[in-house]
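Data first, discussion second: the structure below is written as structure tokens.
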Amino acid sequence: MNVRTAGTRTLHLTWAALILATLFGVGTAQLLGHPLLAAAAIMVVAGGKIFLILRNFMELHQGPLAYRLFFASWIVACVVGISASFAFSLFNTSARASTGLLNSSSAPQGDGTPVSAPRSNGSGPGLKAD
Amino acid sequence: MPMINPYQHVRLCIWAGVVLLFIEVVFWGILGQNIPPYSPALDAQAYAEVFRADADVIRIGMTGAVMGGILYMFWTVGITKIMEPIERANSANNVLSTLQMWSGGLTTVFFIVPPGIWLGSTFRAQTMPPDILQALTDVAWMLFDMSATTGSAQLIALGVCILSDRRRIPIIPKWIGWMGIYVGASLVMFAFMPFFKTGAFARNGAINFWFELPAFFLFMVLSTIFLLKAIPKLDAEYAAEHVAKT
Amino acid sequence: MPVTEAPGEATDEDSAPWFPSIWTFIALDCATFGVLFGVFMSERLHDPAAYDASASLLDVRLGLANTLILITSSYLVALSAAAARRDDLPALRRLLLGGIVVGAGFAVLKLTEYAMKIAAGITPQTDAFFGYYFALTGVHFLHYGAGMLVLLVLLRRAQRVAAVDEGLTRAVMSGGIFWHMVDLLWVFLFPMLYLLGAVR
């Protein structure tokens, strides 16, 4: 069988990098000042981790170009899509707050409001949040 | 001794799958007002109003769907006859083709029974109480979506059989096998349907309607193409064996 | 090229490295999760404050521990594939067992987390966020269960043979690729569900 063996040293280094990146990602969520920067940093770190897993653990770099392109686009689409959606929600929330449309931290949603959330039967026990 | 044709009628059975797809889209989908379906979030009165307005067309659609559902069994038998020689060459038993046929046979039931329930609800739609009208639709949808695991078992058995083909050039490409396993496994997401009246997992939602059903139907089309292409290869294999024996 | 050859199903004579056909499944599954991520993020836009309030009820430490567990288990399984290609059967058995033992920790923590949420009255019916939380992590957990089963089958196979052969090596590589996918999907799920709601 023609298989180029992945060096175990590469695997050790990949594991160390993934662990460090995970800790960095969680630290960023707690510490970075600006929510948009923090969210973007978290998602970029996650995308980088996925690139490492695909390349070094799953050995995708030896695969056909079409698959490599597909997964590269998939990572970029997920990172950009999730970050952009988060950014949009931030701007949307602050815009609504500044125009007085949003009075509290949570938008009011009475029974008559069109429900966009998956649950609409109202039988749940409700959040135990304070 | 004249050579027999072990794949007689198989092509016809496999083509029946394409006819079924056409019937499902036109009769169940378009005439049956299921593309897109009525929202499960409507209250009974609102649902009854829209349903009653379309009841006559839905009755025609569901009649076609109930009558055409049996074609799924034809497709299933066609697959079985392609799986058997693959299995004979690679395995000591015929568990996978048997599992595929029984699961496909059961799936056929769900191409007939839920449309039958929808059809029943059109019969006295103008006089039936809204609550009952809506309940019948809910039951039909629960049966139609939640029975998807019979389809899962069928597609996964087909996929595993294709992957187990040890021929140097497999009768059906392995990526079709993986696709069957993938589509079969993804049907499990229907399990969330009873918990949602709106959103992606509701029966009219992005995942459960716009993703799951097209994925299943797309696999039917793709696999049909490669099942049909498998017949000449199996024919040639049979002829070679036959010549060798005589 | 005959149509019967799947893309990348290279034969031994070819000069290109062997590319397992399971990649078709991996690509389709990742695309599906991409759609699920998109659905979650677009539904979140309807009421981000409520989503963030619910997300803050998740225990980041449990999510973090599970990320570290899956990465480490994945690493051990990657090492086991390297061992298989060196024909090092004892190392292959040891590393596969290690991957399974570490990987089992994910189930322990995830089930504990589900139990804690349900005990606190939080279910898929609680609100939109938790509906998606249980659905997304539930679909991932099914993948995890399938992956653990694959690793167990590989270990059993490795324990029954006297030497590593090509079939076993290919099985370990293909099974490993599935297990790494379980890891990489969690690497996106963890920040999306646990961390985005916590950024301030």
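The values are calculated or read from the model by the stated rules, or taken from the named source; none is laboratory data. Computed from a predicted model, the values in this text were never measured in an experiment. FYI the Cβ positions are ideal-geometry reconstructions off the backbone, even for glycines, and counts take in every protein chain you see. Areas reflect the complete protein model, heavy atoms only, side chains present, ligands, DNA and RNA absent. Shrake-Rupley method; radii C 1.70, N 1.55, O 1.52, S 1.80 Å.
Annotations for the structure displayed:
- Those residues of segment B:124-134 which are assigned to a helix (DSSP H, G or I) and open to solvent by less than 50 Å² (accessible area, probe 1.4 Å), in sequence order: B:P130, B:L133, B:Q134
- Whichever residue in segment C:76-88 is facing chain A (nearest Cβ under 7 Å) and open to solvent by less than 30 Å² (accessible area, probe 1.4 Å) and, among such residues, is farthest from C:M173 (Cα to Cα): C:L79
- Meets criteria (at pLDDT 95 or above, out of contact with any helix residue (DSSP H, G or I) (no Cβ under 9 Å at 6 or more places or on another chain) and closer than 30 Å to A:G7 by Cα) for C:L76: no
- Check on C:D127, on the phi < 0 side of the Ramachandran plot, open to solvent by 20 Å² or more (accessible area, probe 1.4 Å) and in contact with a Leu (Cβ under 7 Å, 6 or more places away or on another chain): yes
- C:V150 vs. criteria within 18 Å of the chain's Cα centre (by Cα), open to solvent by 20 Å² or more (accessible area, probe 1.4 Å) and either closer than 25 Å to C:I26 by Cβ or more than 14 Å from chain A (Cβ to nearest Cβ) (or both): yes
- Among the conditions (1) outside any helix (DSSP H, G or I); (2) out of contact with any Phe, Trp or Tyr (no Cβ under 7 Å at 6 or more places or on another chain), the only one that B:F201 does not satisfy is (2).
- Of all residues in segment C:153-166, those that are assigned to a helix (DSSP H, G or I) and either aromatic (F, W, Y) or within 14 Å of another protein chain (Cβ to nearest Cβ) (or both) total 2.
- Single condition A:M1 does not satisfy, out of (1) at pLDDT below 90; (2) surrounded by fewer than 20 Cβ atoms within 10 Å (Cβ to Cβ); (3) part of a helix (DSSP H, G or I): (3)
- Just one residue in the set B:S97, B:S121, B:S103, B:S147 is open to solvent by less than 30 Å² (accessible area, probe 1.4 Å), farther than 30 Å from B:Y182 by Cβ and not aliphatic (A, V, I, L, M); that residue is B:S121.
- Test result for C:V139, away from chain A (no Cβ under 14 Å), touching a residue at least 60 places away in the same chain (Cβ under 8 Å) and open to solvent by 20 Å² or more (accessible area, probe 1.4 Å): no
- Per the listing B:Y238, B:Y182, the residue uniquely out of contact with any Ser or Thr (no Cβ under 7 Å at 6 or more places or on another chain), open to solvent by less than 30 Å² (accessible area, probe 1.4 Å) and of a type outside the set (V, I, T) is B:Y182.
- Candidates in segment A:60-76 are the residues that are in a helix (DSSP H, G or I) and farther than 23 Å from A:V44 by Cβ; of these, the one that is nearest to the other protein chains (Cβ to nearest Cβ) is A:Q62.
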